[in-house]
Amino acid sequence: MIVTEILGNLYDDGAALAYDGLHRERVVLPSADLAKRIQRVQTDHGTELGIRLPVAAPDLRDGDILAADARSLIVVSVQATDVLVIAPRTIGEALFTAHSLGNRHLQAQFFEDVMVCQFDHTVRDFLDRHGVPYSREERVMEVPFRHAEHSH
């Protein structure tokens, strides 16, 4: 089977109820694979799929429905990623940390009061050396880490 479009997402309003009671198979993907338009995957039940999404399609998300029929559906499930969750105490500490890590071209995501990046021992050492609070966690990252796109 080749998937050429996303049928919806289980976490959208009311979607889970529409599929309640159906057999579910999961395609478990690392966060980095969410941005891939073309890939071959296998469900947790052994079903093989090809994914060939249009260039304009958004990245895959946790809960995306790849296939569905009257009895079953196949859903994307994002694998947890080993990350550092950085929680600066002040705006100055936040600016210093973001600037210093940005100079390393670190891929990061920002949430309300934390910065999240993939685990890297050199980043951990930097945070320890400068006393910046952080925790190491396994976290499902709904958006893949990627470098900012720009041109010179």
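The values are calculated or read from the model by the stated rules, or taken from the named source; none is laboratory data. Since we're looking at a predicted model, the values are computed, not measured. Every residue, glycine as well, gets a Cβ built from its backbone with ideal geometry; the counts of neighbours run over all protein chains shown. Quick note on the areas: whole protein, heavy atoms, side chains included, nothing else; ligands and nucleic acids left out. Shrake-Rupley method; radii C 1.70, N 1.55, O 1.52, S 1.80 Å.
Could you compute how much accessible surface ILE74 exposes when probed at 1.4 Å, giving the result in Å² to the nearest 10?
The accessible area comes out at roughly 10 Å².
Give me a comma-separated list of calculated 3J(HN,Hα) values for segment 28-43, in order, Karplus coefficients 6.51, -1.76, 1.60 applied at θ = phi - 60°, integers in Hz, x for any Gly or Pro.
After applying 6.51 cos²θ - 1.76 cosθ + 1.60, I find 8, 10, x, 3, 4, 7, 5, 8, 6, 7, 10, 6, 9, 10, 9, 7 Hz.
Computing the accessible area with a 1.4 Å probe over protein heavy atoms, can you report the carbon and sulfur percentage for the chain?
52
State to the nearest 20 debye the size of the charge dipole of segment 63-130 about its Cα centre, where the only charges are +1 on K and R beta carbons and -1 on D and E beta carbons.
100
Convert each backbone phi in segment 101-113 into a coupling constant with the Karplus relation 6.51 cos²θ - 1.76 cosθ + 1.60 (shift: θ = phi - 60°), then list the ³J(HN,Hα) values in order as whole Hz, x for Gly and Pro.
Rounded to whole hertz, the list is 6, x, 5, 8, 6, 6, 7, 9, 10, 10, 10, 2, 9.
When Kirkwood radius over Cα pairs in Å is calculated directly from the model, which label among (1) 15.7; (2) 15.2; (3) 17.5 fits?
(3)
On the full set of protein chains, 1.4 Å probe, figure out the accessible area of MET1 and give it in Å² to the nearest 10.
Its heavy atoms expose roughly 130 Å² to the probe.
Quick one: what are the phi-derived ³J(HN,Hα) couplings along segment 5-12, Karplus 6.51/-1.76/1.60 with θ = phi - 60°, whole Hz, x for glycine and proline?
Values per residue, Gly and Pro as x: 7, 8, 7, x, 9, 4, 8, 6 Hz.
Give the value in nm², to one decimal: projected area of the alpha carbon convex hull of segment 72-152, averaged over all directions.
7.2
Report the normalised scattering of segment 1-84 as log10 I(q)/I(0) at q = 0.12, 0.15, 0.24, 0.26 Å⁻¹, calculated by the Debye formula with identical scatterers on the alpha carbons.
Log10 of I(q)/I(0), two decimals: -0.33, -0.52, -1.27, -1.43.
Hey, what's segment 48-134 come to in accessible area per residue, 1.4 Å probe, Å²?
On a per-residue basis, segment 48-134 sits at 54 Å².
Amide H to amide H, which residues 5 or more places from TYR134 or on other chains are under 5 Å from it, using H placed in the peptide plane?
ALA87
Give me the net charge for the shell around LEU10: Cβ to Cβ below 12 angstrom, other residues only, Lys and Arg +1, Asp and Glu -1.
Computed value for this residue: -2.
Enumerate the amide H contacts of ASP64 below 5 Å, restricted to partners 5 or more residues apart or on another chain; note that Pro and chain-start residues carry no placed amide H.
The list, which skips near neighbours in sequence, is LEU10, VAL76.
Provide the solvent-accessible area of PHE111, counting protein heavy atoms only and rolling a 1.4 Å probe, rounded to the nearest 10 Å².
Accessible area of PHE111: about 100 Å².
Quickly estimate the mean residue ellipticity at 222 nm for the chain, helices only: each DSSP H run with n ≥ 4 gives -39500 (n - 2.57), and the total goes over all residues, rounded to 500.
-5000 deg cm²/dmol
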